[in-house]
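A short write-up of the structure that comes next.
The values are calculated or read from the model by the stated rules, or taken from the named source; none is laboratory data. Source: prediction; values computed, not measured. Quick reminder, even Gly has a Cβ in these numbers, built from the backbone with ideal geometry, and neighbours come from all protein chains shown. To get the accessible areas, we keep the full protein, side chains included, count just its heavy atoms, and leave off ligands, DNA and RNA. Shrake-Rupley method; radii C 1.70, N 1.55, O 1.52, S 1.80 Å.
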Amino acid sequence: QRRASKQAGRSLRAELKYTSPSEIDKRIVELEKKQLTTSMSLKDEKNLLKEIDQLKQSRKLVSHLTANNDSISSERKNSQSISEQLTAKNAELDVLKKKIEEQKEILDALNEANSERRAVLPTLFRDKDALRKEKLAKVDAIKSLRAEFRALENEFRHIQSYRCA
């Protein structure tokens, strides 16, 4: 739409001799004064009137052209404003991206330290399992020694009870 209005403005400017309504009004006043004050042939007067009519028509075109130019100007201002807002938002985004990168670096460092700790865990679990097996073996040894001790103690008491009786 902007291109179409620019193109229309260019074509209108190419067609017109005058670019402002005040210039056209001055020319119309000059021609009307010439018509009133100068004696001329009928053909010249018709040409003069024809030129005045053309100028009146062109005044409408010039006002349309001015409206187009104003519209284009306001669109440029809007575009510039939007462009400035985009620049500001991009700057904000850059700041946020830097903060995100900093946080990501911190998180990566923490993950690396954590992964080093996690790498040690399997060996710690193996050691724990080995110690648990060793403990169970010793507990079983203690239980068997107690059972053996009870059996020997029961036998001793049994023998003692025969001697006393």
**Prompt:** Which residues, taken from region 144-165, are open to solvent by less than 70 Å² (accessible area, probe 1.4 Å) and of a type in the set (Gly, Ala, Ser)?
**Reply:** SER144, ALA147, ALA151, SER161
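Test ARG126 against the stated conditions and say whether it is of a type outside the set (Phe, Trp, Tyr) and surrounded by 10 or more Cβ atoms within 10 Å (Cβ to Cβ). Give the steps one after another, and end with the answer.
Numbers: of a type outside the set (Phe, Trp, Tyr): yes; surrounded by 10 or more Cβ atoms within 10 Å (Cβ to Cβ): yes.
Yes.
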**Message:** Among the listed residues SER115, SER74, identify the single one that is modelled with pLDDT under 90, under 28 Å from the mean Cα position of the chain (by Cα), in a helix (DSSP H, G or I) and more than 22 Å from TYR18 (Cβ to Cβ).
**Reply:** SER74
**Request:** Report yes if ILE72 is open to solvent by less than 70 Å² (accessible area, probe 1.4 Å) and in contact (Cβ under 8 Å) with a residue 60 or more places away in the chain, otherwise no.
**Result:** yes
**Asked** Can you pull out the residues in region 86-123 that are among the basic types (Lys, Arg) and open to solvent by less than 100 Å² (accessible area, probe 1.4 Å)?
**Response** none
